[in-house]
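Let me begin by presenting the structure, written as structure tokens, before commenting on it.
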Amino acid sequence: MQTQPPCVLLLGGTTEASRMARALAAAGIDAIFSYAGRTQTPVAQPLPTRIGGFGGVSGLAAYLRANAITHLIDATHPFAAQISRNAISACAETATALIALERPAWAPGPGDHWRNFPSLEHAAAALPEKPERIFLAIGKQNLDVFAHRPEPFYLLRLVDAPTAPLPFPNAAHVLDRGPFSLESDRALLRRHRITLVIAKNAGGDGARAKLDAARALHLPVFLIDRPALPARPIAATPEEVLRWLHHGAARGV
Ligand code: 3Y8
Ligand code: NAP
């Protein structure tokens, strides 16, 4: 089958996606970068960029057809499960080649005091009775899961200033976008006298500092397992994705 020059849709919003965008731009590959539009001023990318949802599986399939996309690279966050499921369905429907660029989950090392939970709800149900001071480093979309536990002090880290009151009577927030550093996260935990860190098992380098800071300060961590996804081809590096692109994963394969 005659292969066509690739026309790539890169679903982004992570450190790996930004690295992938630079690799595609450097290789002169025709690609479009896509953000969901969750933040006010997302990092600029070296590719033409679209922002906003597609409108479910049908909207994404229509986008793939209308833009003659031959390859979809899903470099979204491991917790962005909905878009990843939509990409699997839309690529199957349109015979578009699909690969996920995914970083491995974090694994505990010596000195880590981690408890793993299958969901944020399980972690909220396991909060100790004694009032903790919690670094709830899960962003802003799921804070309501903890709203029924008003007793602790919550420290939140958000990308944009909250537009609505936070669902906790006893909370502070910092505005910051990663990648974060061990020094700054250790200072943050000490400044707020944090006793427990709650985080998603995002993997990668950009969000790992708070776990290293927790280890340094001998703090426990509640870590949320990433949601399960249907099987799909997975690459660990942008170089692996480029090889996949060049090995003629032609349209319709
Ligand atoms: C809009 C794009 C890059 C990408 C950087 C990575 C690293 C910094 C760490 C903490 C945890 C958290 C959150 C986080 C990290 C990277 C990466 C990563 C975690 C931006 C970005 C977008 C988003 C969306 C945002 C969510 C939120 C989650 C904050 C840009 C900065 C907590 C996930 O305010 C909101 O509504 C924020 C929403 C989805 C999770 C949530 O549910 O609230 N990410 N994050 C993407 C889009 O519109 O498509 O604005 O520039 C990207 C990054 N966030 O190129 O350097 O790769 O993991 N993002 C988590 O991991 O738990 C912060 O504070 O320690
Ligand atoms: P999600 O729950 O998987 O997706 C919800 C809806 O948002 C999708 O159905 C889709 O809308 C839209 N969407 C998501 N990612 C998109 C993208 N890259 N381009 C266009 N539309 C997108 O996603 P989420 O957890 O809200 O994450 C949103 C974005 O933030 C993603 O790009 C992700 O990589 C990034 N991010 C998320 C986290 C996290 O913790 N979830 C952490 C870091 C970065 P339609 O159905 O209308 O197409």
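Brief remarks on what is shown
- Some residue of the range 19-31 being within 19 Å of residue 141 (Cα to Cα) and either crowded, with 21+ Cβ neighbours inside 10 Å or in contact (Cβ under 8 Å) with a residue 24 or more places away in the chain (or both): no
- Counting only strands (runs of 3 or more DSSP E) that sit completely within the range 159-253, those holding 1 or more residues that are more than 30 Å from residue 29 (Cβ to Cβ) and open to solvent by 60 Å² or more (accessible area, probe 1.4 Å) correspond to 171-175.
- Looking across the range 135-153 at every residue that is within 13 Å of ligand 1 (Cβ to nearest atom) and assigned to a strand (DSSP E or B), the one that is nearest to residue 206 (Cα to Cα) is identified as 137.
- Some residue of the range 64-75 being open to solvent by 20 Å² or more (accessible area, probe 1.4 Å) and within 14 Å of ligand 1 (Cβ to nearest atom): no
- Filtered residue count, the range 120-132, keeping only those that are under 23 Å from residue 193 (Cβ atoms) and buried (at least 16 other Cβ atoms within 10 Å of the Cβ): 4
- Condition check for residue 42: closer than 30 Å to residue 223 by Cα, away from ligand 1 (no atom under 12 Å from the Cβ) and open to solvent by 20 Å² or more (accessible area, probe 1.4 Å): no
- The lone criterion from (1) of a type in the set (A, V, I, L, M, F, W, C); (2) away from ligand 2 (no atom under 11 Å from the Cβ); (3) in a helix (DSSP H, G or I) left unmet by residue 99 is number (3).
- Residue 199 touching a Phe, Trp or Tyr at 6+ places or on another chain (Cβ under 6 Å), among the aliphatic types (A, V, I, L, M), within 10 Å of ligand 1 (Cβ to nearest atom) and at pLDDT 95 or above: no
- The lone criterion from (1) out of contact with any Leu (no Cβ under 7 Å at 6 or more places or on another chain); (2) surrounded by 18 or more Cβ atoms within 10 Å (Cβ to Cβ) left unmet by residue 136 is number (1).
- Evaluation of residue 8 against (1) of a type outside the set (Gly, Ala, Ser); (2) within 13 Å of ligand 2 (Cβ to nearest atom); (3) surrounded by 14 or more Cβ atoms within 10 Å (Cβ to Cβ) (one fails), failing number: (2)
- Residue count for the range 48-86, restricted to those that are of a type in the set (A, V, I, L, M, F, W, C), touching a residue at least 40 places away in the same chain (Cβ under 8 Å) and closer than 21 Å to residue 245 by Cβ: 7.
- Residue under evaluation residue 161, criteria (1) more than 14 Å from ligand 1 (Cβ to nearest atom); (2) touching a residue at least 12 places away in the same chain (Cβ under 8 Å), criterion not met: (1)
- All positions within the range 164-185 that are within 16 Å of ligand 2 (Cβ to nearest atom) and either among the β-branched types (Val, Ile, Thr) or under 13 Å from residue 207 (Cα atoms) (or both): 176, 177, 178, 179, 180
The values are calculated or read from the model by the stated rules, or taken from the named source; none is laboratory data. For clarity, every value in this text was computed on a predicted model and none was experimentally measured. Every residue, glycine as well, gets a Cβ built from its backbone with ideal geometry; the counts of neighbours run over all protein chains shown. SASA here: full protein model, heavy atoms, side chains in, ligands and nucleic acids out. Shrake-Rupley method; radii C 1.70, N 1.55, O 1.52, S 1.80 Å.
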